[in-house]
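Scroll down for the structure; my scribbles are underneath it.
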Amino acid sequence: MACSTDVKPVDIRRKGMDLLARREHGVDELKRKLAVRFGGGEALIELIEVEVDKLVDEGLLSEERFAAAMVRQLIAKGLGPRRLDEELRVKGVRGSWRDCADSSELAIDWYDQARHVYDKKFGDRAMPEDHESARKEWARRARFMQYRGFEPAHFMPLLAGRGLG
């Protein structure tokens, strides 16, 4: 970690651009990473703010691109709409995934996405035969789908077709 008196604006800019070359970042995320890299101090934080603002002004750093990239990545990971909003909130993006997505992402079939995630996790495994074990397995599967961020309407038909529904 460099001492704040040794840090020049060009060093901050170069490190910021290096991070942006790897992937999109949010403004807050980039500021945090730069502060960790170069250390604390009020003067240094102000210098980071100025350099990050310049990157935004030049179009090299964009909250909109960052959010859209996050939405694409999270959908590809098999997350549902509730979890998308939560993950974006954690990353400092304000608003819903719908505000960040392009038209191709808005047209996603959540029922199909839920089926794909369910089948990938549980495959064709049948529910247990005895009622108590089947009830526990049904609840476990429902919790998994909720954790992945799907609405009950997206996955309940999948569970209903496999017993106890």
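Once the Cα-Cα distance is subtracted from the 0.36 nm per residue extended length, the A153 to R94 segment shows a gain of 18.7 nm. Dividing the mean sequence gap of close Cα pairs (under 8 Å, 6+ apart) by how many residues the chain holds gives a relative contact order of 20 percent.
Grab the Cα-Cα distance for R135 and R14, subtract it from 0.36 nm times how many residues apart they are, and report the gain in nm with one decimal. Please list the in-between numbers first.
On the way: separation 121, 0.36 × 121 = 43.56 nm, distance 5.65 nm.
Computed gain between R135 and R14 is 37.9 nm.
In segment 26-85, the convex hull through the Cα atoms has an average projected area of 4.9 nm², a quarter of its surface area. Ignoring lysines fewer than eight residues from K91 along the same chain, the ones with Cα atoms less than 17 angstrom from its Cα are K31, K33, K77. By the equivalent-ellipsoid construction on the alpha carbon gyration tensor, segment 63-106 comes out with semi-axes of 13, 12, 9 Å, ordered largest to smallest.
In this rough spin-label picture, where each label sits 7 Å from Cα along the Cβ direction, the Y111-V56 distance is 4.2 nm. Between A69 and E46, the C-beta separation translates, for a Förster distance of 22 Å, into a calculated FRET efficiency of about 0.20.
When the chain is described by a simple charge dipole with +1 on each Lys and Arg Cβ and -1 on each Asp and Glu Cβ, the residue from Q73, F150, G39 located farthest towards its positive end is F150.
The list (i) 61; (ii) 49; (iii) 52 gives values of percent of Cα pairs over 20 Å apart, and only one came from this structure; which label was calculated from it? Evaluating percent of Cα pairs over 20 Å apart on these atoms matches (i).
We did not get these values from a lab; they are worked out from the coordinates using the rules stated. Here the structure is a predicted model, which means the values were calculated and not measured. All Cβ positions, even for glycine, are placed from backbone atoms using ideal geometry, and neighbour counts span all protein chains on display.
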